1. List the residues, sorted by chain then number, that are 5 or more residues from residue 173 or on another chain and whose placed amide H is less than 5 Å from its amide H.
2. With contacts defined as alpha carbon pairs under 8 Å and 6 or more residues apart, what's the relative contact order of the chain in percent?
3. Take the chain, mark every one of the trypsin sites (Lys or Arg not before Pro) that falls in a DSSP loop and has at most 16 other Cβ within 10 Å, then report the longest stretch left between them, sites excluded.
4. At 0.692 mPa s and 37 °C, plugging the Kirkwood radius over alpha-carbon pairs of the chain into Stokes-Einstein gives what diffusion coefficient in µm²/s?
5. Arrange the following residues from fewest to most other Cβ atoms within 10 Å of their Cβ: 120, 133.
6. How would you rank 174, 13, going from fewest to most other Cβ atoms within 10 Å of each one's own Cβ?
7. For the chain, which cysteines have no disulfide-compatible partner, meaning no other cysteine Cβ under 4.7 Å?
8. For the range 1-99, run through the GluC sites (Glu not before Pro) and keep only the ones in DSSP coil with at most 16 other Cβ atoms within 10 Å of their Cβ.
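What follows is calculated from the coordinates using simple rules that are stated; it is not laboratory data. Not measured: the values here are computed from a predicted model. As a convention, Cβ positions derive from the backbone with ideal geometry for all residues, glycine included, and neighbour counts pool all protein chains shown.
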Amino acid sequence: MLYDREKCAICGMCAKLCPQKAIANVNNFMVTDPEKCIFCGECVTYCIPGARQVAGKEYTVEEVLAEVLKDRVFYEESSGGVTLSGGEPLVHIDFVEELLIRLKAEGIHTAVDTCGAIPFEHLERAAQHTDLFLYDLKLTDDAKHKEFTGASNKEIIENLENLARIHANIQMRMPIIEGVNAEVSHIESTIALLEAIDIKEVHLLPYHAIAKHKYAKLGRDYLDDKMQIPSKEKLEHFREMLAEQGYDVKGG
Ligand code: SF4
Ligand code: SF4
């Protein structure tokens, strides 16, 4: 449930009409209780200025496939395909597995973008049907990983090592965030980690603040005092470090 304070006229209709009594006016900010909201969309219907929005839409596999097939000609022209991303798509493994099977049957190239923080069985099931994994690696230092993500990176690293044994096409995706991991030591430890894994392509993803407005609409704090955009010089230095080790390094 997204809420745009800038558009809100504080008329109170949403709070009045919500069947779950999930909305409250807190200092002229209409706060939604996520425990109570059932995403029925009633409040959106009655919000004349359009300050409220239910983000996302439910699809069946059949509906997604129909949408994808409309663009088949573009995939054929560009050698492109379909990337399942998120959030974490492999949380929905039954849906993902069925969709991958259907896409493969249509001859469409597929990629799965994962953070790796899921049971290995989910990766194993997707691995049988996808052409490519885009695997995120945020931090090799476990203590820092816990600090910034709230969880250990042990499962992520173990899953990467095991995935590389059963799937030949994995690209690493490394977000580079000043104030978090934009350090030579992080690149060095990543190189050491990847040494034993057969991965050829690494993508360096410089941090950007595009999600900032979405955090505001969710009423959540954004850590922009801690996270900054890395300099071009640093990115180039990291690119060179990885390229020297033989990796095909892409930016962005
Ligand atoms: S209905 Fe819309 S404009 Fe009125 S208080 Fe709720 S969010 Fe604001
Ligand atoms: S989507 Fe439905 S349950 Fe959720 S806040 Fe709006 S009216 Fe209430």
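1. Counting only residues 5 or more places away or on other chains, the set is 135, 136, 137, 203.
2. Numbers: 354 pairs, mean separation 35.4, N = 252.
Value for the chain: 14 percent.
3. On the way: sites that count: 5, 7, 21, 36, 57, 70, 200, 220, 226.
Longest run free of exposed loop sites: 71-199.
4. Numbers: Rh = 20.9 Å.
The Stokes-Einstein estimate is 157 µm²/s.
5. Numbers: 120 15, 133 24.
If I rank by nearby Cβ atoms, fewest first, I get 120, 133.
6. Fewest-to-most Cβ neighbours within 10 Å comes out as 13, 174.
7. 8, 11, 18, 37, 40, 47, 115
8. Values: sites: 6, 35, 42, 58, 62, 63, 67, 76, 77, 97, 98; in loops: 6, 35, 58.
Within the range 1-99, the qualifying GluC sites (Glu not before Pro) (loop, at most 16 other Cβ atoms within 10 Å) are 6, 35, 58.
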